[in-house]
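Novice: Attaching a single structure in structure tokens format; questions to follow.
The values are calculated or read from the model by the stated rules, or taken from the named source; none is laboratory data. These numbers come from a predicted model, not from an experiment. Neighbour counts run over all protein chains shown; Cβ positions are idealised from the backbone, glycine included.
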Amino acid sequence: MGRKLLTEHINVEGIHTFDVYRKHGGYASVEKAIKTMSPEEVVEEVKASGLRGRGGAGFPTGMKWSFLAKPEGKPRYLVCNADESEPGTFKDRYLMEKLPHLLIEGMITSSYALGARTSYIYIRGELLYVLRILEKAIAEAYANGFLGENILGSGYSLDLHVHPGGGAYICGEETALLESLEGKRGNPRNKPPFPAVWGLYGCPTVVNNVESIATVPWIITNTAAEYAKFGIGRSAGTKLISAGGNINKPGVYEIELGVPVEEFIYSDEYCGGIWKGRDMKAVIAGGSSVPILPKELILKTTNGEDRLMTYESLSDGGFATGTMLGSGGFFVMDDQTCIVRHTWTLARFYHHESCGQCSPCREGTGWMEKVLHRIEHGHGHMRDIDLLVSVAKQIEGNTICPLGDAAAWPVAAAVRHFREEFEWHVKHPQAATAPGAVFNKSESVLA
Amino acid sequence: MEQTASVNQVQFSEGAMAEIRRYLSHYPADRQKSAILPILHIAQAEFGGWVSPEVMDKVAEILNIQPIEVYEVATFYTMFNLKPVGKHVLEVCRTGPCMLRGSDQLIEHLENRLGCKVGETSADGNFTLKTVECLASCGTGPMLQVREQFYEDLNPARADQMLEDLKALTVRKPWEENY
């Protein structure tokens, strides 16, 4: 059983309340940071821990903090990105619902490090019930002197507010999130300037994912050196994995980075194997944006090494034969899954969520959805398969924000690894559109 | 002017206004527009699950901004219904991870039960059926959302029970007692 750093007490009765959370060591990082460390020392500690952004990009958190501009006379902001919307990902919701004070503690310690006087948690609008849990917990933190004026008599003051979004995946992109927080449409901004210089209301701002901020208390309380002992190399610490799809035990698992993928899928400690006694066909390992991999490539790299749950191992082989750890949205497909239909739902998702600002994304996502729809529904042509690849290629890298890449990668990867299945849909439209029909490789070879 | 007359007919309750004032206090004095999404959520809960042009005009008035600034936001974010809806809006997740766990079948089952298609309202006015994209509930799919509540791990029997429970439910607003 791996060590849990974030979720050790998650099942303790009443842990969502201040008193119980405090009794289990909660808010120790605030006391330690405010009373014994300078803000710069907190930043250095997070830098030394090797913590990488847990929202998906994996950029070192301490490094991001150190870029924050500090011009005279301008407030600085910390904004928590709780707009968790990447299909397959539900770890932040779980964490906030069960351990609201952990996020609040992380926000206070991090805000102190960054010199923020006001901070926001931007939570996706669909999670209004979680917003109410957080607001209750914030009120408790105020009542106990951990928020508001002169925290613990230190002279440091902080206000923390929760802000609901309105239903838009794009607001998980940090500059779109800031636009949205300013009361506008969620159109990503051109960069530079980056939020560290020009963020919320034109002020220097750091935007961090829920899980990243929730990791800060452990690092500060137990030191960076202790944190770095977990994980492997540049994949330090633990990671929350949202496990879903056709497995026996879906849920959120905190793993030490480095667990073999095979163990994660088949061990009873985690996913518990494939449901209904079926075989595994494919996995999307890091949220819907990352490339899908067939069974043989998700379990082993092309060098024959066991694939591990780390940033490096999952991306071994590049996009040709590898994928990404991303947000840790890990979902498994059994042998009855139609890859074409599944890819179509993802393309539809990205089409729906494109903000419409850049033409390659606005037009390309709709185009890919349309082509996938016709292949799935028995009206496809062979040339459509290469058309998908070509459209994906023309979106990738040609947009203001990464939504374009996120839309292109899953389609390109599905064709890369499951081209035969697309061809079968085109060649045998009647068979492919029959209810419950699934491509069977061996039959296809005979045909 | 007709426009002004209809805006004047829109009245938030005292409970809703208190919520609005609470949100306004979260943002700098010269950045009150930030409260637009929270206020639209309050408006939608206050006025029967949708926001009419008159309601949006009222929101603009509260924020002291142009109505177009509210329209462009309300039409961008998918949570705001711009047309009247039934007593309950069923928002069924249909993205890949939920599809793997049976959302296609759940949608079909609900269409049959309610006698209406996705995008329509049942004849008794109780339910509007919508499909939405990923609700961050992938481990517990298929699932759907009604206002702030998630209904997860749905099979036909559980979905039918949910419909019965919802029919009998008295809808309360977040700032009301017993919410």
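Novice: Considering only the range A:177-192, how many residues are surrounded by 21 or more Cβ atoms within 10 Å (Cβ to Cβ), more than 10 Å from every other protein chain (Cβ to nearest Cβ) and in contact with a Ser or Thr (Cβ under 7 Å, 6 or more places away or on another chain)?
Specialist: 2
Novice: Answer yes or no: is there a residue in the range A:56-67 that is under 15 Å from the mean Cα position of the chain (by Cα) and in a helix (DSSP H, G or I).
Specialist: Within the range A:56-67, the subset under 15 Å from the mean Cα position of the chain (by Cα) is A:56-61.
Narrowing the set further to residues that are in a helix (DSSP H, G or I) leaves A:61.
The answer is yes, given that some residue of the range A:56-67 is under 15 Å from the mean Cα position of the chain (by Cα) and in a helix (DSSP H, G or I).
Novice: Restricting attention to the range A:218-240, report how many residues are touching a helix residue (DSSP H, G or I) at 6+ places or on another chain (Cβ under 7 Å) and under 30 Å from A:Ile339 (Cα atoms).
Specialist: 1
Novice: Take A:Arg348 and tell me if it is surrounded by fewer than 19 Cβ atoms within 10 Å (Cβ to Cβ), within 14 Å of another protein chain (Cβ to nearest Cβ), among the charged types (D, E, K, R) and over 30 Å from A:Ala228 (Cβ atoms).
Specialist: Values: surrounded by fewer than 19 Cβ atoms within 10 Å (Cβ to Cβ): no; within 14 Å of another protein chain (Cβ to nearest Cβ): yes; among the charged types (D, E, K, R): yes; over 30 Å from A:Ala228 (Cβ atoms): yes.
No: the conditions fail for A:Arg348.
Novice: Could you say which residue among A:Glu263, A:Glu256 is under 24 Å from A:Asn81 (Cα atoms) and charged (D, E, K, R)? If you could, list the steps in order and put the result at the bottom.
Specialist: Working: A:Glu263 fails: under 24 Å from A:Asn81 (Cα atoms).
Result: A:Glu256 is the single residue among A:Glu263, A:Glu256 that is under 24 Å from A:Asn81 (Cα atoms) and charged (D, E, K, R).
Novice: Just to be sure, is A:Ala143 of a type in the set (A, V, I, L, M, F, W, C), in the same structural domain as A:Lys64 (by TED's automatic domain parsing) and either in contact with a Cys (Cβ under 6 Å, 6 or more places away or on another chain) or crowded, with 21+ Cβ neighbours inside 10 Å (or both)?
Specialist: On the way: of a type in the set (A, V, I, L, M, F, W, C): yes; in the same structural domain as A:Lys64 (by TED's automatic domain parsing): yes; either in contact with a Cys (Cβ under 6 Å, 6 or more places away or on another chain) or crowded, with 21+ Cβ neighbours inside 10 Å (or both): no.
So A:Ala143 fails the test.
Novice: Here are some residues: B:Glu69, B:Glu108. Which one is surrounded by 15 or more Cβ atoms within 10 Å (Cβ to Cβ), at negative phi and within 13 Å of chain A (Cβ to nearest Cβ)? Steps first, please.
Specialist: Values: B:Glu108 fails: surrounded by 15 or more Cβ atoms within 10 Å (Cβ to Cβ).
Going through B:Glu69, B:Glu108 in turn, just one is surrounded by 15 or more Cβ atoms within 10 Å (Cβ to Cβ), at negative phi and within 13 Å of chain A (Cβ to nearest Cβ): B:Glu69.
Novice: Kindly state which strands (runs of 3 or more DSSP E) lie completely within the range A:136-250 and contain at least 2 residues that are within 21 Å of A:Ala57 (Cα to Cα). Before the answer, list the steps.
Specialist: Details: elements: A:159-164, A:205-209, A:238-245.
Filter on the range A:136-250 gives A:205-209, A:238-245.
Novice: In the set A:Leu308, A:Leu297, A:Leu314, A:Leu293, which member is over 23 Å from A:Val389 (Cβ atoms) and away from chain B (no Cβ under 14 Å)?
Specialist: Details: A:Leu297 fails: over 23 Å from A:Val389 (Cβ atoms); A:Leu314 fails: over 23 Å from A:Val389 (Cβ atoms); A:Leu293 fails: over 23 Å from A:Val389 (Cβ atoms).
Of the residues listed, the single one that is over 23 Å from A:Val389 (Cβ atoms) and away from chain B (no Cβ under 14 Å) is A:Leu308.
Novice: Further question: Name the single residue that is farthest from the other protein chains (Cβ to nearest Cβ) among those in the range A:235-265 being surrounded by 21 or more Cβ atoms within 10 Å (Cβ to Cβ) and among the polar types (S, T, N, Q).
Specialist: A:Ser235
Novice: Same structure, new question: Of all residues in the range A:143-170, which are closer than 17 Å to A:Leu78 by Cβ and not small (Gly, Ala, Ser)? Break it down stepwise before answering.
Specialist: Just the residues of the range A:143-170 that are closer than 17 Å to A:Leu78 by Cβ, to begin with: A:146-148, A:151, A:156-163.
The answer is A:Phe146, A:Leu147, A:Ile151, A:Tyr156, A:Leu158, A:Asp159, A:Leu160, A:His161, A:Val162, A:His163.
Novice: I need the helices (runs of 4 or more DSSP H) fully contained in the range B:22-85, keeping only those with at least 3 residues that are over 16 Å from the mean Cα position of the chain (by Cα) and aliphatic (A, V, I, L, M). Outline the logic, then answer.
Specialist: Values: elements: B:36-46, B:53-63, B:67-74.
Here the list reads B:53-63.
Novice: Every residue in the range B:78-92 that is of a type outside the set (D, E, K, R) and more than 9 Å from every other protein chain (Cβ to nearest Cβ), please.
Specialist: Kept after step one, since they are of a type outside the set (D, E, K, R), are these residues of the range B:78-92: B:78-82, B:84-86, B:88-90, B:92.
Across the range B:78-92, the qualifying residues are B:Asn81, B:Leu82, B:Pro84, B:Val85, B:Gly86, B:His88, B:Val89, B:Leu90, B:Val92.
Novice: Filter the range B:132-167 down to the residues that are within 11 Å of chain A (Cβ to nearest Cβ) and either at positive phi or aromatic (Phe, Trp, Tyr) (or both) and list them by number.
Specialist: Across the range B:132-167, the qualifying residues are B:Ala136, B:Arg147, B:Phe150, B:Asp153.
Novice: Within the bounds of the range A:290-307, is there any residue that is surrounded by fewer than 16 Cβ atoms within 10 Å (Cβ to Cβ), touching a Ser or Thr at 6+ places or on another chain (Cβ under 7 Å), assigned by TED's automatic domain parsing to the domain that holds A:Gly244 and not in a helix (DSSP H, G or I)?
Specialist: Yes; the residues of the range A:290-307 include at least one that is surrounded by fewer than 16 Cβ atoms within 10 Å (Cβ to Cβ), touching a Ser or Thr at 6+ places or on another chain (Cβ under 7 Å), assigned by TED's automatic domain parsing to the domain that holds A:Gly244 and not in a helix (DSSP H, G or I).
Novice: Here's another thing I want to ask about it. Being over 21 Å from A:Lys91 (Cβ atoms), of a type outside the set (D, E, K, R) and either outside any strand (DSSP E or B) or at the interface with chain A (Cβ under 10 Å from one of its Cβ atoms) (or both) narrows it down to one residue among B:Pro174, B:Pro97; which is it? Spell out the reasoning first.
Specialist: Numbers: B:Pro97 fails: over 21 Å from A:Lys91 (Cβ atoms).
Just a single option satisfies the conditions, and that option is B:Pro174.
Novice: Return only the number of the condition from (1) crowded, with 18+ Cβ neighbours inside 10 Å; (2) more than 14 Å from chain B (Cβ to nearest Cβ); (3) among the β-branched types (Val, Ile, Thr) that A:Ile232 does not satisfy.
Specialist: Against the list (1) crowded, with 18+ Cβ neighbours inside 10 Å; (2) more than 14 Å from chain B (Cβ to nearest Cβ); (3) among the β-branched types (Val, Ile, Thr), A:Ile232 comes up short only on (1).
Novice: Still on this structure, I have one more. Which of (1) surrounded by fewer than 20 Cβ atoms within 10 Å (Cβ to Cβ); (2) in a loop (DSSP other than H, G, I, E, B); (3) within 14 Å of chain A (Cβ to nearest Cβ) does B:Ala123 not meet, given it meets every other one?
Specialist: Of (1) surrounded by fewer than 20 Cβ atoms within 10 Å (Cβ to Cβ); (2) in a loop (DSSP other than H, G, I, E, B); (3) within 14 Å of chain A (Cβ to nearest Cβ), only one is false for B:Ala123: (3).
Novice: Additional query: List pairs: first residue in the range A:109-137 and under 16 Å from A:Val210 (Cβ atoms), second residue among the hydroxyl-bearing types (Ser, Thr, Tyr) and part of a strand (DSSP E or B) anywhere in the structure, Cβ distance under 6 angstrom, at least six positions apart or on different chains.
Specialist: Within 6 Å, the pairs are A:Ser111/A:Ser119.
Novice: I'd like to know if the range A:80-93 contains one or more residues that are more than 11 Å from chain B (Cβ to nearest Cβ) and at positive phi.
Specialist: Let us first name the residues in the range A:80-93 that are more than 11 Å from chain B (Cβ to nearest Cβ), namely A:80-81.
Among the residues that remain, those that are also at positive phi are: none.
Among the residues of the range A:80-93, not one is more than 11 Å from chain B (Cβ to nearest Cβ) and at positive phi, which makes the answer no.
Novice: Please specify each residue of the range A:34-52 satisfying the condition of being under 21 Å from A:Gly233 (Cβ atoms) and buried (at least 20 other Cβ atoms within 10 Å of the Cβ).
Specialist: Answer for the range A:34-52, where residues must be under 21 Å from A:Gly233 (Cβ atoms) and buried (at least 20 other Cβ atoms within 10 Å of the Cβ): A:Glu45, A:Val46, A:Ser49, A:Gly50, A:Leu51, A:Arg52.
Novice: Are any residues in the range A:316-355 touching a Lys or Arg at 6+ places or on another chain (Cβ under 9 Å), free of Cβ contacts under 8 Å to residues at least 24 places away in the same chain and not in a helix (DSSP H, G or I), and if so, which ones?
Specialist: Passing the criteria: only A:Asp316.
Novice: On the given criteria, is A:Glu140 more than 9 Å from chain B (Cβ to nearest Cβ) and either touching a strand residue (DSSP E or B) at 6+ places or on another chain (Cβ under 7 Å) or at pLDDT below 95 (or both)?
Specialist: The answer is no for A:Glu140.
Novice: Just to be sure I understand the filter: pairs with C-beta atoms under 8 Å, separated by 6 or more residues or on different chains, first member in the range A:160-176 and within 9 Å of chain B (Cβ to nearest Cβ), second member among the basic types (Lys, Arg). Which pairs pass?
Specialist: A:Pro164/A:Arg124; A:Gly165/A:Arg124; A:Gly167/A:Arg124; A:Cys171/A:Arg124
Novice: Here is a follow-up. Provide a single number: the residues in the range A:115-135 that are more than 9 Å from chain B (Cβ to nearest Cβ), within 28 Å of A:Pro71 (Cα to Cα) and either surrounded by fewer than 22 Cβ atoms within 10 Å (Cβ to Cβ) or of a type in the set (Phe, Trp, Tyr) (or both).
Specialist: Total meeting the criteria: 3.
Novice: Could you look through the range A:364-395, keep only residues that are charged (D, E, K, R) and under 23 Å from A:Gly287 (Cα atoms), and pick out the one that is surrounded by the fewest Cβ atoms within 10 Å (Cβ to Cβ)? Quick ask: steps written out before the conclusion?
Specialist: Our first condition is that a residue be charged (D, E, K, R); within the range A:364-395, this holds for A:369-370, A:374, A:376, A:383-384, A:386, A:393.
Cutting the leftovers down to under 23 Å from A:Gly287 (Cα atoms) gives us A:369-370, A:376, A:393.
Working: A:Glu369: 22, A:Lys370: 15, A:Glu376: 21, A:Lys393: 13.
Of everything passing the filter in the range A:364-395, A:Lys393 is surrounded by the fewest Cβ atoms within 10 Å (Cβ to Cβ).
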